[in-house]
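To keep things clear, I will list the structure first and then write my remarks on it.
No value in this document is a laboratory result; all are computed from the given coordinates. Model, not experiment: these values are computed from the prediction. Ideal geometry is used to build each Cβ from the backbone, glycine not excepted, and the neighbour counts take in all protein chains shown.
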Amino acid sequence: MRKPRIQMHLPNLYVGGIERWALTLFRGLPEFDWFISTPPGAVTHQSGLDDFKGYKIIQEGDDALSMDALITTWGISNRSVAPTIAVAHSAFQKYREMMRAAPYDFAVAVSEGARCCFPEGTHVDIIYNGVDVDRLQASVPRAATRARLGIPVGATVIGYVGRWGFQKNPLAAAIAAGRIPGAVALYIGPPSDDASLVAEARRQAPCFFVTPEEAVDIGDLYRAMDVCVFASRTEGFGLAIAEAWYCGVPVAATAVGIVAEHPDLVSLLTDDPNAEDLKFAVEKALSGSGGPDVRAARATVVERYSAARMVNDWRDYIQAHLGGSIGR
C-alpha cells in the first residue's frame, strides 16, 4: 500500500512560524507523502525554497494526484480534497475572516487564542505548536556571536525574531533599545519590504539585522540577546517566544498566543505599548528581580511545547480522524 498523500496549503514559501510548523511535521511524519501548495501571489524566499527542497510543490486546485487529505493553514478557494483540516495559526481579523470562509471537515487551532478563527459553536481541537529544540542548541560562546555581528562589547541587546508585518509591531524592539542606555536592537528574520520602517528603526536605536539565510546558528543568536521583545497585536501561538524561552532569554511580550496562557513567564506589555511601557517592561525583564523566571519558561517548553510532542499529537490526530479513509 502506498503512503497516504497529504496536501499542505501554506501562505508562503519562506520560513515563518507556519512554515516552520509544517517543516517539523514533514520531517517528523515520514509515513505520509507530503505535497505543498500556496495561494496566488505567495511570497517565496530562497531560504524557504532550500528548506522545502525535496517536497513536491503542486498547484492549489490540482487533483490529478488524488490527495487523501488536505491540511490548510491559509484558506483555500478550490477545495477538491476531502477530508480537509483547517489549522488556525493566527488571530488577526483578516486571517479570521479568511479561515471562516474556507470549507473544512475538521478544525484545529495551535493555541486557545487561535480558536477564535472559527465560528462560535465549532468543535475545535487544540494541538499546540512545537519547538524544534535540536536547532536551538548553543555552539559557540555568547561573546563570540556578538563579536561576529559587530555588536559593541557591553551593549544591552534587545532582540526581535520574525517578520516585519504590521501585526507583529517589530519597531517595538528598536523603540525599547532607544530608551535603554547602551542598548542596541537585533532583528532576525526576512528583510522588510518597507524601507521607511527600517529607517525608523535605525532612527530609534543602533540596529543589527540577520536574514534567514544567515541565521543558521539560531540558538547562538537567541543567546546573544539580553531580552526579546514581542509586541504583537495578535498572535496564534508565538513560536519565537517559545524558542526564546527555551534558550533562556527573558521575554517582554503582549498577552497574545501562548503568553495569554502563561503571563507569569514574561514581562507583560500593554496591548499597544508606548515607549514608556516598553522601557518599563524591558527593564523589568533585565532586572532579574521580579522579572520572568527563565528556568520555569524553559521547563514549560520542554514539558508542553516540544516538537516531539507536537508530532506525536498530530500522528494520533491523523490516525484517529483519517486512518480509515486514506492510503487505500
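Tabulated results
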item	result
Length gained when the stretch ALA143-ASP194 is fully extended (0.36 nm per residue, less Cα-Cα span)	15.2 nm
Proximal charge balance of LEU286 [Cβ under 11 Å; K/R count +1, D/E count -1]	0
Cβ-placed point charges (K, R +1; D, E -1), dipole of region 1-149 about Cα centre in debye, nearest 20	560 debye
Around LEU322: net Lys/Arg minus Asp/Glu count, Cβ-Cβ under 10 Å	-2
Listed residue (PHE92, GLY238, GLY248) projecting farthest to the positive dipole end of the chain, Cβ model	GLY248
Percentage relative contact order, region 221-328, counting C-alpha pairs under 8 Å, at least six apart	24 percent
For region 133-304, Kirkwood radius (reciprocal of mean inverse C-alpha pair distance, Å)	15.7 Å
Lys, Arg +1 and Asp, Glu -1 on Cβ, resulting dipole of the chain about Cα centre, debye, nearest 20	380 debye
Pairs of alpha carbons in region 170-254 whose separation is greater than 19 Å (percent)	39 percent
Nearest-0.05 FRET efficiency for ARG309 and ARG100, computed from C-beta distance (R0 22 Å)	0.20
Cut-off 11 Å between beta-carbons: net charge of the residues surrounding LYS3, Lys and Arg +1, Asp and Glu -1	-1
Mean shadow area of region 232-328 over all directions, Cα convex hull, nm²	7.4 nm²
Within a Gaussian network of the chain (alpha carbon springs, distance under 10 Å), most fluctuating of TYR128, TYR317, TYR305	TYR317
Whole-angstrom gap from region 197-216 to region 265-328, using each part's C-alpha centre	24 Å
Given charges at beta-carbon only (K, R positive; D, E negative), |dipole| of region 133-304 in Debye	400 debye
Listed peptides 218-226, 291-299 by packing density, highest first (mean Cβ within 10 Å)	218-226, 291-299
Most mobile of ARG148, ARG179, ARG27 in a GNM of the chain (Cα contacts under 10 Å)	ARG148
